[in-house]
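K.L.:
Mind having a look at this structure? Questions to follow.
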Amino acid sequence: MQSIPDRNFDSLVTPTRLHRSLYTDPDIFELEMERIWGEAWIYIGHESQIPEPGDYFTTNINHKMPVVMIRAKDHTIHVLHNRCGHKGAKVVESRSGHVRGALRCAYHGWTYRFDGSLQKVPNEKGYEGTGIDLSDPCYSMQPLAQTSSYRGFVFATLSQSAPDLETWMGGAKACFDNLCDRAPEGEVEVAGGVLRYEHACNWKFILENLNDTMHPMVVHESIVKAAESYIATLPPEAAEQRREAEIIPPFGASYEKFEDSGITGFPFGHHYDGGKTSIHSGYAVDPDYYNAMVAAYGKERSEDILAFNTHNVLFYPSLTIKCAVQNIRVVRPISVDKFVVESWSFRLKGAPESMLQRTLLYSRLINSAMGMVGPDDLEVYRRAQEGLASSASEWVEFHRQYGKDLTQTDRIVGGGTSDLDMRTQYRAWKAYMEKSPQGHTRHA
Ligand code: FES
Ligand SMILES: [Fe+2]
């Protein structure tokens, strides 16, 4: 086993190769949880999940630390450690719900206001003269070090020193704008349920796959062929079925087409593929939706919004969004060879119902564990995890178009079939692991 360096990870991550222990070593995994997941902004949830005071949503901020997002009486949103200030029990057990009055620990009944402050301790006189100071924040449900939201998307971080959320997002922030601007009312809200499924492999595989445009025509070849055969059987009047089936064939686009879509990388590990074009750009536009957009924004601005066509946008390490399809996937590691993905769908406020139906259709067809595309990816991640147990080689490579990435003011741009996405991620990985803030902006 490779020994784990404390500060300099050059022996494990080079500009073009990664040591296989990054996917297999439990000690590296624990260090990632502390140095990456403990320092980055992590996506928690969306404001629309908790519209009323007392509404809450629970999740973990890393592989095990429980947090609760809750709306207070003044409508502010708090992300609190889901841990009682008394003897440490998790206070809120269910995934989501509503609580009246106060949060109450099930063990000894300490109660907390929705901002996490301690409200009442039963039989409090037993503490008289003991020297305890119950106003000390350590006896409250403590807030995360920082909480912030951007256009309704709530993030929190365990780090006091993380830059503010918008600085951290950098140029990738424009993708949240595009997702929300696609709503005639300029806002989105969570709709439908959540698809939650476990992957038997390291959490980084899904991030590496998002802008990996060398795989779709191989991994998804069989479903693309099946969809094309099905479409060929459709009579001209089957417009609805054609509209549904048209989601699949773009996954089989040519290398040239994917190359043309480009990849754009930012500091802190964020990146997207597409921009002018993506696999979503050929979708038919619902005329009612188009008219609602023009009524809200005017023709020119509407067409600008709809022309910005990214495919997958990564906010490293916990969130990937699809602006053109209005769904997001949330990543949570569990152990070195296990993670969970949650897929959430959004309604464009002010848009016709058909747009939400398309989003839900996409989520079911592509991202569901019982879908037609996502399970292909899951299968190859599992094979990669098993293959990397082999000592035949110690390295995983990402040379494609190395040396050709172009640095611009706040971003790096390159070919759509390049490994620019991996270079972007592992620049951030190293900067976090080496505790080197300047490493995020140092260009490889
Ligand atoms: S552990 Fe919560 S009240 Fe005792
Ligand atoms: Fe894929």
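K.L.:
Kirkwood Rh, the stretch 351-390, all Cα pairs: how many Å?
P.N.:
Computed over Cα pairs of the stretch 351-390, the Kirkwood hydrodynamic radius comes out at 11.6 Å.
K.L.:
Can you give the alpha-carbon Rg of the stretch 42-150 over 2.2 N^0.38 Å, where N counts its residues?
P.N.:
This ratio for the stretch 42-150 stands at 1.06.
K.L.:
From largest accessible area down, sort ARG104, ARG427; use a 1.4 Å probe on the protein chains.
P.N.:
Sorted by accessible area, descending: ARG104, ARG427.
K.L.:
Next question, about the same structure. Calculate how many DSSP beta bridges within the chain are antiparallel, expressed in % of all such bridges and rounded to the nearest 5.
P.N.:
Antiparallel bridges: around 100 percent, rounded to the nearest 5.
K.L.:
In the stretch 171-440, how many lysine pairs have Cα atoms under 17 Å apart, counting only pairs 8 or more places apart or on different chains?
P.N.:
7
K.L.:
Go through the stretch 239-344 and name the GluC sites (Glu not before Pro) that are in a DSSP coil and have 15 or fewer other Cβ atoms within 10 Å of their Cβ.
P.N.:
Within the stretch 239-344, the qualifying GluC sites (Glu not before Pro) (loop, at most 15 other Cβ atoms within 10 Å) are GLU246.
K.L.:
Something else about it: Using the Cα centre of the stretch 171-440 as origin and beta-carbon charges of +1 (Lys, Arg) and -1 (Asp, Glu), tell me which of ILE328, ALA351, SER318 is placed farthest towards the positive end of the dipole.
P.N.:
With unit charges placed on the Cβ atoms, the residue in question is SER318.
K.L.:
So which cysteines in the chain don't have a second cysteine's C-beta under 4.7 Å from them?
P.N.:
CYS138, CYS175, CYS180, CYS201, CYS323
K.L.:
Given a 1.4 Å probe and heavy atoms of the protein chains only, how would you sort SER222, SER21, largest accessible area at the top?
P.N.:
Putting SER222, SER21 in descending order of accessible area: SER222, SER21.
K.L.:
Now for a separate question. Could you give the length gained on full extension between ARG382 and GLU394, defined as 0.36 nm per residue of separation minus the Cα-Cα distance, in nm?
P.N.:
2.5 nm
K.L.:
For THR167, tell me the accessible area in Å² from a 1.4 Å probe, rounded to the nearest 10.
P.N.:
80
K.L.:
Another one. Suppose every Lys and Arg Cβ carries +1 and every Asp and Glu Cβ carries -1, with no other charges. What dipole size does the chain come out with about its Cα centre, to the nearest 20 debye?
P.N.:
Rounded to the nearest 20 debye, it is 800 debye.
K.L.:
Please report the carbon-and-sulfur percent of the accessible area for the chain; probe 1.4 Å, protein heavy atoms only, DNA, RNA and ligands left out.
P.N.:
Accessible surface attributable to carbon and sulfur in the chain totals 51 percent.
K.L.:
Under Stokes-Einstein, with the Kirkwood radius over Cα pairs standing in for Rh, what whole-number D in µm²/s applies to the stretch 127-284 at 4 °C and 1.567 mPa s?
P.N.:
Answer from the Stokes-Einstein relation: 64 µm²/s.
K.L.:
Okay, next question. Over the chain, with a Gaussian network built from C-alpha contacts below 10 Å, which listed residue (LYS173, LYS322, LYS120) shows the highest mean-square fluctuation?
P.N.:
Result for the chain, Cα springs under 10 Å: LYS120 fluctuates most.
K.L.:
Also, I was wondering about something else. Roughly how many nanometres apart are two label points built 7 Å out from the Cα toward the Cβ at MET217 and LEU361?
P.N.:
Simple spin-label model gives 2.6 nm for this pair.
K.L.:
For the chain, modelled as a GNM with alpha-carbon contacts under 10 angstrom, which of LYS73, LYS257, LYS349 fluctuates the most?
P.N.:
LYS73
K.L.:
If you wrap the stretch 122-205's Cα atoms in a convex hull and average its projection over all directions, what's the area in nm²?
P.N.:
Its average projected convex-hull area is 11.4 nm².
K.L.:
Over all distinct alpha-carbon pairs, what is the Kirkwood Rh of the stretch 171-440 in angstrom?
P.N.:
For the stretch 171-440, inverting the mean 1/r across all distinct Cα pairs yields 19.5 Å.
K.L.:
Given +1 on the Cβ of Lys and Arg, -1 on the Cβ of Asp and Glu, and no further charges, what dipole in debye does the stretch 42-150 carry about its Cα centre, rounded to the nearest 20?
P.N.:
320
K.L.:
With the cut-off at 1.5 for a/c, could you classify the stretch 321-424 from its C-alpha gyration tensor as rounded, prolate or oblate?
P.N.:
oblate
The values are calculated or read from the model by the stated rules, or taken from the named source; none is laboratory data. Given the structure is predicted, the values throughout are model-derived calculations rather than measurements. Ideal geometry is used to build each Cβ from the backbone, glycine not excepted, and the neighbour counts take in all protein chains shown. We work out accessible area using only protein heavy atoms, side chains counted, and drop any ligands, DNA or RNA first. Shrake-Rupley method; radii C 1.70, N 1.55, O 1.52, S 1.80 Å.
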